[in-house]
Amino acid sequence: MSYLSTLNSLLTSTTSRYASLRRNLTSTSEDDSNITDPDDSHVSRVLRAYYTEKGRPFPAWLGTDPREAARAQQKENPYVTSRPMGSLRGNSSTSDAAERPGQGRGLSDLWSDSPGPGAQSPVEERGSLRRGPLGGRRMGAQPQQQQESLNVRPLPSQRAGSYQTQNPAYAQQQQQQQQLRGGGRDTSSPGPPPGSSGSGSAQERLKARLGRGSSTRSVESDDGKGGQGQGSYATQDFRHTCEQHEGMAGYGWDEYDVRYGGRQTIHDAGNSIDITTEFIKIPGGQHGGSWGVRVKGTPREDAPARLMSTVLFYAGMEGFGSLSVQNERDDLGIVGPVTMEGSSNELGDFKLQVTEGPNSNLHPPPNHKSYENKPLDRTMVASLQVPEGAMWQAKSLIFSQMKEEIDAMIAEYGQENAPPPWATFTVGNDIKEGNMHVVQKVFEGSFEFDIIYSSASAEAPVTSDDLSGAIEKATTQFAHRFKKLLAPQAPFNKSKYQDFAKSMFSNLIGGIGYFYGDSVVDKSYAPEYEEENEGFWQETAEARMRQGGVRLEGPSELFTSIPSRPFFPRGFLWDEGFHLIPVADWDMDLTLEIVRSWFNLMDEDGWIGREQILGQEARSKVPQEFQVQYPHYANPPTLFLIFESLIDKLQTKWPTKGLDDPLESIRSAHLQNSDVAKDYLRDLYPLLKRHYFWFRKTQWGDIKSYDREAFSTKEGYRWRGRDTRHILTSGLDDYPRPQPPHPGELHTDLISWMGMMTRSMRRIAETIGETDDANEFTGYETAIVRNIDDLHWDNKAGTYCDATIDDYEESVRICHKGYISIFPFLTGLLPPDSPRLKAILDLISDPEELWSDYGLRSLSMSDEFYGTDENYWRSPIWMNMNYLAVKSLYDIAIQPGPHKSQATEIYTSLRKNLVENVFNEWERTGFAWEQYNPETGAGQRTQHFTGWTSLVVKIMAMPDLSRGGDGNGVEHGEL
């Protein structure tokens, strides 16, 4: 498939400190001028070195080195691991690079953030199946010294608030040890020896090579004209993507609508600049329309008087199609706009232009002889020919091209008279045929320029004036729509909450993307995966190690909203349903397209993989042993919440008028015409049934074998995929469960999810006229609700509990008060007059149990496991569960019943606590967080977690019941 890789800018900022390069690069490039074999080009050699260093097999498109003998064919399955999935990882092992001393002299040795040979591998710790690289999804705020590209979850001793982090002597000792390992970010500490790869950031390794490994200092020239020969070389970090804990003061969308565009800002405190991009879609023509981006840079208040910044934009074309620069080659650079033209089957003919920007743009002065050959008031353009499938490695490819320029400058000007950093770190002026083109601009102070894409089938090319008008229109349109659909209600209708609410929602909807590629699946269907024997977790671990049925499947495509753009850029099944709850209020058509995309991933049995790691780029961010998906693993069926939302809106006649939006007939087609909605449900219905009965078949729980007394002998459920410490498939990872694991377990949360799913299926069947099916689902639903009480209610504990089998083969309940205990309530299975409701409400509102000033704790303070071990779902506050609690409280509060008053009081207080805390942390840190500390309210784990944490916007838009209101006419279930 062809596509245009756009909007990928590589940003770096440097202070106005002038210095000289003191050492030539130890790794040199060979002359490629006479190379005719594409397998022996510089790019091919760089890529081979990269894959060799990473210990990965070469992709099919990357030929072997013609200068070497044919490599031995890899015999082992690349996904075989000596460690079972979910086991403690890496405590005694080192990284692949460390196991291959003498290798690693490839591209990433200079530029990558991965540790090089001899570097000690960070300690890995087990975590969620929703993980990033080596720990991924389950990650706390990490020390700055840690390898951030690995996204490793910190050990308990490394977490904020631990004794070790609060003890200055211990912290100093650990910092010294980290620096000795080469992992520190302190640029004043000695670097690795010249020629070694060491560890730390890519820039630190480069500076170590340039600076002979000695400590450095920077000298500012009084006249601001260079100070060549003084001091030493220093530079700030390059930015390619926003990553965790890299000195950012916040980043993300300020406002965004997928139909029109929006504005996002990167507050780069580390580089003393704020970058704003305003992205606009302009409809017209037969190929998806045109678009434009306005890029602005504004020095921050603490920026030096003369801040130099360099910005790179690259565009690439993969597959069938063409992309070429139309400007004539000029070794001095381009004066005026840079123009590219391209064509593909999907896009037709198009033009891409990078403008000069306004006359107010300033550029570095000509203070070095290099300016004669490369004046920085011109735009640099370099063309590359990138092998198919390698476009996603653009950062490494660009740095490779830049490295050649550095070599040439050092050779020409010498080590003691090298140009300043902003003149040295540049691409070459090399316009030629290629499928990737890099455009670089260097500025002093504030800057602005446009990137404009014009479809040839549109009525007219887009201009900068068009872009200005479209930006203003999109801002007005967004504000009007947000006020109508998601405006915060009292007490959050104050001005300070408006920007917060808009930003949170915009980052949620701005995280929607398209993913394509193959995935790794274990289709062995090993009998151990039935998990029927005692000790099953050991058997399944051994079966996973065999990896006999692991294979690549696909390719598949997925349209999805992701949890975190910088940290989890891929689809997660149980997150998705929560993500789409606010999106459904904004754009139902968009929401249902995402839902359809997920169900199109279903296999012939009805299984959908929980984590969609599609393609080589996605897999590069996840360790191999965690890339495999297992067809007996389920995940909470949250997408069925969206079907209930659709039906609720149809029944309550959701308002779609007065929005003054020319695209409203598309956004709300399913709501304006119920036949459109019914056709959608009818079309998807066979897949929904297949998925539903897959759950019943694979996640069933054993009632008969243990003589359990229950209304139904069939409606009991057990998550597959658990071990002694986790049920990762449940999404609640380390929440305490019965010990040891037993095939006779029954799980409260799963039967509750099944109750919600069954209710949804019954309502769908009723909506599309499938009467017989509706009656069948009614029977299942009744049995599930009855069995929840019969199997899981514990009179002594006064709460719902998991069940297991004891040493005497008797069924017993194991109670750990927390989210699990209130799951029937969270999923809306308890009516307002339920005899269990009073105990649930008391548990929620008790400060010694779940209540805190910042939201509901995941585990009761009274539980022996509160705050222990990983402490992931053992105390922290999670927005998705709290949203379900707020919604259920609201549903009870607006209906007649004995608990109406108590539910109203709890609803009002919980809503206020949640919103104020997330808002306060957003103001304090610049970020939304994965979870929040129940003792302090502090955001923790993953930052810029704008997936289900954005449900705070939905909570803000819910009615204020503090003054005895009844919801302003909002019907039960509509929220």
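Out of all the residues in segment 808-828, is one or more in contact with a Leu (Cβ under 7 Å, 6 or more places away or on another chain), surrounded by fewer than 21 Cβ atoms within 10 Å (Cβ to Cβ) and either more than 26 Å from Arg759 (Cβ to Cβ) or among the small types (Gly, Ala, Ser) (or both)? No, that holds for no residue.
When Lys657, Lys714, Lys697 are checked against the criterion of being open to solvent by 40 Å² or more (accessible area, probe 1.4 Å), in contact with a helix residue (DSSP H, G or I) (Cβ under 9 Å, 6 or more places away or on another chain) and either free of Cβ contacts under 8 Å to residues at least 12 places away in the same chain or assigned to a helix (DSSP H, G or I) (or both), Lys657 stands alone in meeting it. For segment 264-280, the set of residues classified as open to solvent by 20 Å² or more (accessible area, probe 1.4 Å), without any contact (Cβ under 8 Å) to a residue 60 or more places away in the chain and not hydrophobic (A, V, I, L, M, F, W, C) consists of Gly270, Asp274, Thr276, listed by residue number.
Would you pick out the residues in segment 685-715 that are hydroxyl-bearing (Ser, Thr, Tyr) and within 30 Å of Ser811 (Cβ to Cβ)?
Residues of segment 685-715 hydroxyl-bearing (Ser, Thr, Tyr): 685, 692, 698, 705-706, 712-713.
Tyr692, Thr698, Ser705, Tyr706, Ser712, Thr713 - these are the residues of segment 685-715 that are hydroxyl-bearing (Ser, Thr, Tyr) and within 30 Å of Ser811 (Cβ to Cβ).
For the residues Val311, Val293, Val325, the requirement of being over 22 Å from Val462 (Cα atoms) and open to solvent by less than 40 Å² (accessible area, probe 1.4 Å) singles out Val311. Put simply, of Trp878, Trp873 the only residue that is buried (at least 21 other Cβ atoms within 10 Å of the Cβ), within 16 Å of Phe825 (Cβ to Cβ) and under 31 Å from the mean Cα position of the chain (by Cα) is Trp878. Restricted to segment 354-401, and to residues there that are of a type in the set (Lys, Arg) and in contact with a strand residue (DSSP E or B) (Cβ under 9 Å, 6 or more places away or on another chain), the residue that is surrounded by the most Cβ atoms within 10 Å (Cβ to Cβ) is Lys374.
With respect to the conditions (1) at pLDDT below 90; (2) open to solvent by 30 Å² or more (accessible area, probe 1.4 Å), Gly227 lacks only one, and its number is (2). Of the set (1) open to solvent by less than 10 Å² (accessible area, probe 1.4 Å); (2) in contact with a Gly (Cβ under 9 Å, 6 or more places away or on another chain), all apply to Tyr907 but (2).
Taken together, the residues in segment 382-393 that are in a loop (DSSP other than H, G, I, E, B) and of a type in the set (S, T, N, Q) amount to 1. Quick check on my filter: what residues within segment 402-459 are of a type in the set (Asp, Glu) and open to solvent by 10 Å² or more (accessible area, probe 1.4 Å)? Listed by number, the residues that qualify are Glu404, Glu405, Asp407, Glu412, Glu416, Asp430, Glu433, Glu444, Glu448, Glu459. When the residues of segment 474-495 are filtered to those that are of a type in the set (D, E, K, R) and in contact (Cβ under 8 Å) with a residue 60 or more places away in the chain, which remaining residue is nearest to Arg294 (Cα to Cα)? Residue satisfying both the conditions and the ranking: Arg481. Out of the residues in segment 667-683 that are aliphatic (A, V, I, L, M) and in contact with a Leu (Cβ under 9 Å, 6 or more places away or on another chain), state the one that is nearest to Lys473 (Cα to Cα). Out of the qualifying residues, it is Leu671. Scoring Gly855 on the criteria (1) touching a residue at least 60 places away in the same chain (Cβ under 8 Å); (2) open to solvent by 10 Å² or more (accessible area, probe 1.4 Å); (3) touching a Pro at 6+ places or on another chain (Cβ under 9 Å) leaves a single failure, condition (2).
Does Arg682 satisfy being surrounded by fewer than 22 Cβ atoms within 10 Å (Cβ to Cβ), over 30 Å from Tyr808 (Cβ atoms) and modelled with pLDDT of 95 or more?
Taking the combined requirement at face value, the residue satisfies it.
Of the residues in segment 465-480, at least one is at pLDDT 95 or above, open to solvent by less than 10 Å² (accessible area, probe 1.4 Å) and over 28 Å from the mean Cα position of the chain (by Cα). Of Thr724, Thr758, all but one fail to be open to solvent by 10 Å² or more (accessible area, probe 1.4 Å) and either touching a residue at least 12 places away in the same chain (Cβ under 8 Å) or part of a loop (DSSP other than H, G, I, E, B) (or both); the exception is Thr724.
Looking for something more than 21 Å from Ile814 (Cβ to Cβ), in contact (Cβ under 8 Å) with a residue 40 or more places away in the chain and either among the small types (Gly, Ala, Ser) or assigned to a loop (DSSP other than H, G, I, E, B) (or both) - is there at least one such residue anywhere in segment 770-787? Within segment 770-787, one or more residues are more than 21 Å from Ile814 (Cβ to Cβ), in contact (Cβ under 8 Å) with a residue 40 or more places away in the chain and either among the small types (Gly, Ala, Ser) or assigned to a loop (DSSP other than H, G, I, E, B) (or both). Within segment 660-672, the set of residues being assigned to a loop (DSSP other than H, G, I, E, B) and open to solvent by less than 70 Å² (accessible area, probe 1.4 Å) comprises Asp661, Leu663, Ser668. Scanning segment 525-537 for residues that are without any contact (Cβ under 8 Å) to a residue 60 or more places away in the chain and open to solvent by 50 Å² or more (accessible area, probe 1.4 Å) yields a single hit, Pro527. Restrict the check to segment 927-940 and report whether at least one residue is crowded, with 23+ Cβ neighbours inside 10 Å, within 17 Å of Ser852 (Cα to Cα) and either of a type in the set (Phe, Trp, Tyr) or without any contact (Cβ under 8 Å) to a residue 40 or more places away in the chain (or both). Checking segment 927-940: at least one residue is crowded, with 23+ Cβ neighbours inside 10 Å, within 17 Å of Ser852 (Cα to Cα) and either of a type in the set (Phe, Trp, Tyr) or without any contact (Cβ under 8 Å) to a residue 40 or more places away in the chain (or both). When Asp833, Asp842 are checked against the criterion of being touching a residue at least 60 places away in the same chain (Cβ under 8 Å) and either part of a helix (DSSP H, G or I) or out of contact with any strand residue (DSSP E or B) (no Cβ under 6 Å at 6 or more places or on another chain) (or both), Asp833 stands alone in meeting it.
Which residue is farthest from Ser396 (Cα to Cα), if the candidates are limited to segment 629-654 and must be open to solvent by less than 20 Å² (accessible area, probe 1.4 Å) and hydrophobic (A, V, I, L, M, F, W, C)? Here the residue is Ile647.
The values are calculated or read from the model by the stated rules, or taken from the named source; none is laboratory data. Here the structure is a predicted model, which is why all the values come from computation and not from measurement. We place every Cβ from the backbone using ideal geometry, glycine too, and count neighbours over all the protein chains shown. Note: accessible area is taken over every heavy atom of the protein model, side chains too, but ligands, DNA and RNA are not part of it. Shrake-Rupley method; radii C 1.70, N 1.55, O 1.52, S 1.80 Å.
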